[in-house]
Amino acid sequence: MSLPVRQQETSGAEPVAAKAAEQGGRSNPFLLMPITLFFALLSIAVLRTPSLMTPSGIGAAIIVVTPLILATYTLMASTIAGRGTVDLSVGPLIGFINVTMIQLHAGGVLENPIPVFLYCMAVGAAYQFIFALIVIFVRVQPIIVSLSGYLALSGINLVILPRPGGVAPPFMAEWGYGTSIFSPVLVILVLATVAWLLFTATAFYTHLRLMGSDERAAYTSGVPITIVRIGAHLISGCFAGLASICFTALISSGDPSQGTTYTLIAVTALVLGGASLAGGRGGVFGSALGALNLYMITFVLSSFNFGSVQSFVTNLAYGAILVISLLLTLLIPVIQRHIRNFSPLLYFVSLGVVVFGIALHATFDYTSLGEAPAYLPGPMDMQKALTAPLEIATLTPQTLALRAQAMPFVFFSILLAVLAVFLRLAVGQASRRSIGPAVAVVVAALVLGGAWVMHEGVSVPGTEAVR
């Protein structure tokens, strides 16, 4: 009697699995809140400060937010491993790599880019390796190990460099200027993001998520728990080294205490991006959005004048938005009942097109259009009479120049919308695990290409851009 029941259950489960595979896997509604918050803050920032959308404004934002994004990536790898592994020492670790690199450079040891990158990533990986050994073999709770590392590294940093000072290596001299969109810091961020996306396509990442979700089930399934946990910490150490390099490029010197501030905001960005501190859930897209949201909060609040309580208002905003975001996550089961196939990519692109229009409105110079000519009665002109009210018989050079400037923006917006629909259809016909990294790489390349086109502009023969 039990055999037919099993066959019936299996036959009922197979169509569900097949339907999920056809729909591209399960959706990720946890990204609904960070995406919405990001574009809401971006709209306010653009309306308050239109200079944010200039090449220098975007370049400065990239320089400032990149260390925070990489610090969030550092937390993400170890947090997915489970056991509540939230590395509170990430900030002092970034500061430790920063001050030791500055001191070694002053001693003439680190001069070229390759030794600097190898040293920073090796120090970060070595610290995280020791962290993992203590957690695995000594069986100390990860929160205790991370808090001890936070206190120890904070003191060691002050011993190595009692006060801010020193000079960054010469090849970093122009990295922190932020005068253009494309810079070596942006290259580091893009390569780090692509590396994580490629990592998500490996079996090791599947074992990592399984271990973070249920370590006992992963162990009984044959997953090498020890190797996976050590590997996760080594990956975190490499990201910590990259974060310290970008942090050094930002301040162009050594600072033993500034790096500690990244601990609180990196943990906040990780939670705001939809990652679970219990393990098993986290993504590069959500972590980057969480870090961008914290930067946008600071930027928007800086456009208001709160006087001497500016820093307190910023911390209040961090805490309030984090609490509200966590409370809104309670509505996710309700949202899943009504939105079964939520696409974060399509939702992101849709809001992006809307905010892109707001940015064009905020940055467009309407005074360059000039005033309408006065109407003078006279003989009837047949050309003007036969021209519709919204038509223009002859285009002026200024109008042609304005059209040339708007052409990349319009083309980029249409291309984003078409690509979003196309990728949504592609994901619906394939497994998300296999197509997800490719989709992310294509979107990143498209965004960078669009930014380059907008930065370079398009010239029309015989016309001159109107400034």
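The values are calculated or read from the model by the stated rules, or taken from the named source; none is laboratory data. The structure presented is a predicted model; accordingly, all values stated were derived computationally and were not measured. Every residue, glycine among them, receives a Cβ derived from its backbone with ideal geometry; neighbour counts consider all protein chains shown.
In summary, H207 fulfils each of the numbered conditions (1) modelled with pLDDT under 85; (2) on the phi < 0 side of the Ramachandran plot with the single exception of condition (1).
Out of G259, G283, G274, report the one residue that is surrounded by 21 or more Cβ atoms within 10 Å (Cβ to Cβ), in contact (Cβ under 8 Å) with a residue 12 or more places away in the chain and in contact with a Lys or Arg (Cβ under 9 Å, 6 or more places away or on another chain).
Numbers: G259 fails: in contact with a Lys or Arg (Cβ under 9 Å, 6 or more places away or on another chain); G283 fails: in contact with a Lys or Arg (Cβ under 9 Å, 6 or more places away or on another chain).
Only one candidate qualifies: G274.
Examine the range 222-240 for a residue that is in contact with a Ser or Thr (Cβ under 8 Å, 6 or more places away or on another chain) and of a type in the set (F, W, Y), and state whether such a residue exists. Taking every residue of the range 222-240 in turn, at least one turns out to be in contact with a Ser or Thr (Cβ under 8 Å, 6 or more places away or on another chain) and of a type in the set (F, W, Y).
Picking from V135, V167, which residue would you name as being in the same structural domain as L264 (by TED's automatic domain parsing), more than 28 Å from the chain's Cα centre (by Cα) and farther than 24 Å from T263 by Cβ? It would help to see each step written out before you state the result.
Working: V135 fails: farther than 24 Å from T263 by Cβ.
When all the criteria are applied, what remains is V167.
With the condition kept exactly as written, say whether any residue in the range 249-266 is modelled with pLDDT under 85, in the same structural domain as T85 (by TED's automatic domain parsing) and under 17 Å from A81 (Cα atoms). No, there is no match, as no residue in the range 249-266 is modelled with pLDDT under 85, in the same structural domain as T85 (by TED's automatic domain parsing) and under 17 Å from A81 (Cα atoms). The number of residues in the range 315-345 that are touching a helix residue (DSSP H, G or I) at 6+ places or on another chain (Cβ under 8 Å), modelled with pLDDT of 75 or more and either farther than 22 Å from G290 by Cα or surrounded by fewer than 17 Cβ atoms within 10 Å (Cβ to Cβ) (or both) comes to 1. Taken together, the residues in the range 81-96 that are surrounded by fewer than 24 Cβ atoms within 10 Å (Cβ to Cβ) and at pLDDT 90 or above amount to 0.
Looking only at residues that are polar (S, T, N, Q) and part of a helix (DSSP H, G or I) in the range 297-317, which one is farthest from I44 (Cα to Cα)? Lay out the reasoning, then the answer.
Initial filter on the range 297-317 (polar (S, T, N, Q)): 298, 302-303, 305, 308, 310-311, 314-315.
The next check asks that each one be part of a helix (DSSP H, G or I); those that pass are 298, 302, 308, 310-311, 314-315.
Working: T298: 12, S302: 12, S308: 23, Q310: 18, S311: 19, T314: 16, N315: 19 Å.
Filtering first and then ranking leaves S308.
Mind listing just one residue for me: the one in the range 138-164 that is surrounded by fewer than 14 Cβ atoms within 10 Å (Cβ to Cβ) and among the β-branched types (V, I, T) and, of those, nearest to S253 (Cα to Cα)? Here the answer is V159.
Among the residues of the range 120-132, those identified as within 28 Å of the chain's Cα centre (by Cα), among the hydrophobic types (A, V, I, L, M, F, W, C) and more than 15 Å from G254 (Cα to Cα) are M121, A122, V123, A125, A126, F129, F131, A132.
Filter the range 198-243 down to the residues that are acidic (D, E) and either outside the structural domain of T85 (by TED's automatic domain parsing) or under 28 Å from the mean Cα position of the chain (by Cα) (or both) and list them by number. Steps first, please.
As a first pass, look at the range 198-243 and keep what is acidic (D, E): 214-215.
The one that is acidic (D, E) and either outside the structural domain of T85 (by TED's automatic domain parsing) or under 28 Å from the mean Cα position of the chain (by Cα) (or both): D214.
Let's see how each residue does on (1) out of contact with any His (no Cβ under 7 Å at 6 or more places or on another chain); (2) surrounded by fewer than 20 Cβ atoms within 10 Å (Cβ to Cβ); (3) hydrophobic (A, V, I, L, M, F, W, C); (4) on the phi < 0 side of the Ramachandran plot:
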residue	(1), (2), (3), (4)
L42	yes, no, yes, yes
T66	yes, no, no, yes
T72	yes, no, no, yes
T79	yes, no, no, yes
N98	yes, no, no, yes
N112	yes, yes, no, yes
F129	no, yes, yes, yes
I136	yes, yes, yes, yes
